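One structure below.
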Amino acid sequence: RVQLMESGGGSVQAGGSLGLSCQVSGISENTYSTYSMGWFRQAPGKGREAVAALGAESNGGDGFPSIADSVKGRFHISKDNAKKTIILQINNLKPEGAAMYYCAAGPRVAWGQMLRATKYSHWGQGTQVTVSS
C-alpha cells in the first residue's frame, strides 16, 4: 500500500529557508507516475491549508506545479522520480507558516483541483515546522 514519510521539519527563524522531503513507498514506478503529489499544512486551531502540488506526469503529460497564492514566489515544489521523493523548498518563511506540514498523494488529480485536500487519498504523518522571531 502507498506510504508517505515526511522529513526535514524543524525550527527556523522568520525569513529563513527550509527544505521538506516526502518519501513515497509501496507503489511501482509506473503507478507512482500516475499520482499527483501535494503539500498541505495545518496550524493549531486552523483548518488544513494547501501549499503546493505537482501534477502526475502521466496525466496528459502535465507534471505542472500549482502553488497557493499565500506562498507563491517563496515556496517551490519538485520531485525526484528515481528516488520517489517530493521536495518542498520553503524560502522567506513567515511566522504564520508555523504548522504541521503534510505530504499527500492522489491518482491523476486534475490540475485545477490539485490544491483541494479531498482529492488526495494517501497522507503522511506530517513534519512540524516552527518559526522563531
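The values are calculated or read from the model by the stated rules, or taken from the named source; none is laboratory data. What you see is a predicted model; the values in this text were computed from it and never measured. Ligands, DNA and RNA are excluded from the accessible area calculation, which covers all protein heavy atoms including side chains. Shrake-Rupley method; radii C 1.70, N 1.55, O 1.52, S 1.80 Å.
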A correct Karplus calculation of ³J(HN,Hα) over the stretch 17-28, with 6.51 cos²θ - 1.76 cosθ + 1.60, θ = phi - 60°, whole Hz and x for Gly and Pro, returns 10, 7, x, 9, 10, 10, 9, 9, 9, x, 9, 6
Could you pull the Cα extents of the stretch 67-133 along its three principal axes, largest to smallest, in whole Å?
39, 26, 20
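Return the carbon/sulfur percentage of the accessible area of the stretch 18-133, one whole number, probe 1.4 Å, all protein chains in place.
Numbers: 2720 of 5510 Å².
The C+S portion of the solvent-accessible surface of the stretch 18-133 is 49 percent.
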Go through the stretch 48-56 residue by residue and turn each phi into a ³J(HN,Hα) via Karplus (6.51, -1.76, 1.60, θ = phi - 60°); whole Hz please, and just put x for glycine and proline.
6, 10, 6, 10, 7, 8, 10, x, 5
Using a probe radius of 1.4 Å on heavy atoms only, what accessible surface per residue do you get for the chain? Whole Å² is fine.
49
For the stretch 92-97, Karplus-derived ³J(HN,Hα) couplings (6.51, -1.76, 1.60; θ = phi - 60°; whole Hz; x for glycine and proline) come out as 6, 5, 9, x, 6, x
Percent relative contact order for the stretch 1-76, counting Cα pairs under 8 Å at least six residues apart, stands at 20
